[in-house]
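One structure below.
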2 protein chains.
Amino acid sequence: MYSGKISEILKREHINIGDRILVEKVGKRYEGLLMPRIEYGNRNCTVIKLDNGYNVGVDCKGAKISKSRTKEPASVREEEEFELGRVKKGLVKVKFDKRKPRVSIITTGGTITSRVDYKTGGVTSLMSPEEMLYNIPELADFVSLKIENPFSIMSESMTHAHWQKLAKAVARELKHSEGVIVTHGTDTLHFTAAALSFMLKDLGKPVVLVGAQRSTDRGSSDGAINLICGARVALSDMASVGICMHGTMDDDYCIFTRGTKVRKMHTSRRDAFRPVNDLPLAKVWPDGRIEKMQTVPKRSSSVAKADTAFEEKVAIIKTYPGSSPSIIDHYAGMGYRGLVLEMTGLGQAPTYGKNSWLKSIEKATGKGVLVCGAAETLYGRLNPNVYSEGRLSMEAGVVHLEDMLPETAYVKLGWVLGHTKSVEKAKEMMLTNYAGEITKRSLQETFLA
Amino acid sequence: MYSGKISEILKREHINIGDRILVEKVGKRYEGLLMPRIEYGNRNCTVIKLDNGYNVGVDCKGAKISKSRTKEPASVREEEEFELGRVKKGLVKVKFDKRKPRVSIITTGGTITSRVDYKTGGVTSLMSPEEMLYNIPELADFVSLKIENPFSIMSESMTHAHWQKLAKAVARELKHSEGVIVTHGTDTLHFTAAALSFMLKDLGKPVVLVGAQRSTDRGSSDGAINLICGARVALSDMASVGICMHGTMDDDYCIFTRGTKVRKMHTSRRDAFRPVNDLPLAKVWPDGRIEKMQTVPKRSSSVAKADTAFEEKVAIIKTYPGSSPSIIDHYAGMGYRGLVLEMTGLGQAPTYGKNSWLKSIEKATGKGVLVCGAAETLYGRLNPNVYSEGRLSMEAGVVHLEDMLPETAYVKLGWVLGHTKSVEKAKEMMLTNYAGEITKRSLQETFLA
């Protein structure tokens, strides 16, 4: 994993990954287990896991590296180097040149700013934004980053209130930066991407959401490349909200995908974020090459506004064999104003016998609840006219949302109902394309892309 | 589309697809619009759309084909040919040779036995099983089909009661046939495939589920090839329950995919049924070639039994930003015994603030509800140990189901709870591999395959 001079030293000292080593520099001393080098890290850095479970990158220029002879846990010898888990000095800290184009980075939590808590063995969100960057010196070559941290939360616990706060922070940062990067947990990254797509009006600059599927203390961490590519997008001419994550399992390039047409499709792979019913907007390489895959709105002087009104009384419901329509009554009874049904096939719900959903749908729509349909297959387009059963659900009041993803439909429904009290107006808005959430034509190559 | 002698006649008569034509045979007369030939149809057949909206295939041997001179709707001249929409005689009807190996075909409804109702424009389930086969004379070359029709229903309205009836019918037919084909609507075909996978014990022969994404009056109908390949599987040495549908958009081959590891991933494509976290069991060509892609249990003398006990009080619930845990209380209050949560990422649910799901999960599990977790990403494996939030959901009682599909997990949960009153036993059963629903290792090539 290590190359050049460091690898020579390690060889000479018979040091292997996992060995306890000692790195001594003028006035500094680090002891701990040698970790694999993180991809795209500084080539002159060794990564050491200290006994407090904290990984540090140490620039080895002018340092002496040797096998440690102590067996007992080596604590950090120079306490002043660390304070509340923050990197203070002596480590490879990225220094930005203010004359370079400025990009704002808004951190919100998630794996990309997490590390292993060696007490519990789990991963917790502890890292400071500065720490996240310590191992990515390449960023300083082409960008000056400004870091903001409006809140920290693991993404499965995000709510519309976080989206609103975030949209406002993004609009604020766009005023004085070339583009904005949002770092975020991957679990619900696609929901937030959809929320920002609807909430940011008159966008004239790029807004890039970036996460990591693997934590930074793993050799296979993807956070660094995603961030570097994200910064390339933030400086590009693409005025769009999208997710920038690994395009393949290799560390070759990332894909920048439209915020309303993307979904986490794998629990752990680095290339988990895939476009659905769409192509990526662009392929992005860490060195700055960008290959557009479709037409993207150009950067302009337009000043983005955060338009964040949101109705939180919305829900997603699955339909499936034996599913109980009582769930609709449950939400309607709780005063919900909008529901997205994940419907089967071309837009059906059970229509037969005691399991028929039609009555509950009719009752809800009669009360003014807006009931929409999206495809549980994820890929493809609804067409409720094909089967009598689809037509029955239309007659009961379901608005079928073309090829919109269920998750995007949910976010959009909350946003739309935050903007109007009229169900008719809301129906019209749900079928209006605001942020690329509905595509006119389905391209063959967008299936399982 | 037409070849050989028919294409010569069409050329000579200047007849194009869509023209109104007249086919006269001894004592018979058909008038209507010339449709494209259905793939794998009898090569000597023209397909004519009659004015009653009904497509018929007419064997043109000894027939006179000409352009029709009438403009007015041509009804069927020989009324006795049709009765209640059923094919009576004179059409190409498949005749089976009883000396050929016998396969049972159990029809249940769905597109494969549907056709357009020209009054409403929608597709309804009207076709008789015999009719379904009228255009697939190739079947008679290698198989003798016995047709059963225990019930007819569009698949979105199926329930566990249908699965039970079907499992019993399959077990019955397996006693005297080489294999069983089940034709079925595609909307919930994968649920039924999972149900039969669990309900059929000691399987020694193939059980093949087949559907059609396009109705038979469309040139692009896939039903015929799926059925032919399904019959090939039914005669094969693979003793497994699986779905046999188009492998690609072309009519080249089908894939036979394990019943617990398959999902409808597109609303309309013919190759919509894809393996998830698994490879297909085999590729199957209409001419009978079978290329296995993994080890499949071999045909044996084992006699299948239908083990159909099922608890219907089970549900699938999505978790997502802003989702209300009240839904768990709702089901627990209705006496539900099992819930499958579609969890985010590696197995998380919202854990923070008023939206936290932990309390409701704990309350339900405390009452004896079995709460399981499956991945809403569909692909990949849960690993709740990685994040503190995942560990919290485990502590609240969630049983994380490895790489099991949410839909499969739902069916399995109903089946497991139908077999035991003990929650501990049910937990153990949920994590036991009965029908390939859990794979030990995740293969890279199974992502978006």
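Readers should treat all values here as calculations from the given coordinates under stated rules, not as data from a laboratory. Given the structure is predicted, the values throughout are model-derived calculations rather than measurements. Methodologically, a virtual Cβ is constructed for each residue, glycine included, from the backbone with ideal geometry; neighbour enumeration extends over all protein chains shown.
Structure notes:
- Overall Cα dimensions of segment A:208-264 - principal axes, largest extent first, Å: 33, 23, 16
- Short-range pairs are left out: with C-alpha atoms under 8 Å and at least six residues apart, the relative contact order of segment A:346-441 is 28 percent.
- Per-residue Karplus couplings for segment A:8-21, computed as 6.51 cos²θ - 1.76 cosθ + 1.60 with θ equal to phi - 60°, are listed in order as 5, 4, 4, 4, 4, 8, 6, 9, 10, 3, x, 6, 7, 10 Hz, Gly and Pro entered as x.
- Using a cut-off of 29 Å between Cα atoms, the listed pairs A:LYS11/A:LYS283; A:LYS264/B:LYS440; A:LYS318/B:LYS412; B:LYS168/B:LYS367 include A:LYS11/A:LYS283; B:LYS168/B:LYS367 as exceeding that distance.
- Exposure proxy ranking for B:ASP141, B:ASP278, based on other Cβ atoms within 10 angstrom of each Cβ and starting from the fewest, stands as B:ASP141, B:ASP278.
- For B:TYR352, net neighbour charge (Lys/Arg +1, Asp/Glu -1) across residues whose Cβ lies under 15 Å away: +1
- Dividing the summed -39500 (n - 2.57) terms of all DSSP H runs of n ≥ 4 by the residue count of chain B sets its mean residue ellipticity at 222 nm at -6500 deg cm²/dmol.
- Estimated Rh, chain B: Kirkwood, alpha-carbon pairs, angstrom: 23.6 Å
- Cβ screening of chain B for cysteine pairs under 4.7 Å finds these without a partner: B:CYS45, B:CYS60, B:CYS244, B:CYS372.
- The trypsin sites (Lys or Arg not before Pro) of segment A:236-306 that meet both conditions, a loop assignment by DSSP and at most 14 other Cβ atoms within 10 Å of the site Cβ, are A:ARG289.
- Per-residue shielding of B:375-382, expressed as the average number of other chain Cβ atoms within 10 Å of the residue Cβ, stands at 6.
- Estimated FRET transfer efficiency (B:MET293, B:LYS367; beta-carbon r; R0 45 Å; 0.05): 0.55
- Counting Cβ atoms of other protein chains within 10 Å of each Cβ in A:427-438 and taking the mean gives 0.
- Each semi-axis of the equivalent ellipsoid for segment B:314-430 is √(5λ) with λ an eigenvalue of the Cα gyration tensor; in descending order they amount to 19, 17, 12 Å.
- In terms of surrounding Cβ atoms within a 10 Å radius of their Cβ, A:ILE147, A:ILE317, B:ILE6 rank from fewest to most as A:ILE147, B:ILE6, A:ILE317.
- Semi-axis lengths (Å, descending) of the ellipsoid that matches the C-alpha gyration tensor of the protein assembly as shown: 54, 30, 28
- Over segment B:102-306: Kirkwood hydrodynamic radius from C-alpha pairwise inverse distances, Å: 16.4 Å
- Dipole check for the protein assembly as shown: with +1 at the C-beta of Lys and Arg, -1 at the C-beta of Asp and Glu, and the Cα centre as origin, the magnitude is about 480 Debye.
- Relative intensity of segment B:146-248 on a log10 scale, I(q)/I(0) at q = 0.12, 0.14, 0.18 Å⁻¹, equals -0.36, -0.50, -0.83, per a Debye sum over C-alpha point scatterers of equal strength in the absence of solvent.
- Each other residue within a Cβ distance under 11 Å of A:SER302 adds +1 if Lys or Arg and -1 if Asp or Glu, for a net charge of +4.
- 10 Å Cβ neighbours from other chains, averaged over peptide A:247-256: 0
- Most mobile listed residue (A:PRO384, A:PRO137, A:PRO321) in chain A, GNM with C-alpha springs under 10 Å: A:PRO321
- Relative contact order [Cα under 8 Å, 6+ residues apart], chain A, whole percent: 11 percent
- Selection from A:TYR2, A:GLY368, A:LEU448 lying farthest towards where the dipole of chain A points positive, charges on Cβ: A:TYR2
- Neighbourhood net charge (9 Å Cβ-Cβ; Lys/Arg +1, Asp/Glu -1) for B:SER144: +4
- In this calculation the C-beta distance from B:ARG29 to B:ASP141 is compared with R0 = 25 Å, giving a FRET efficiency of 0.25.
- Segment A:381-430, relative contact order in percent, only Cα pairs under 8 angstrom and at least six apart counted: 30 percent
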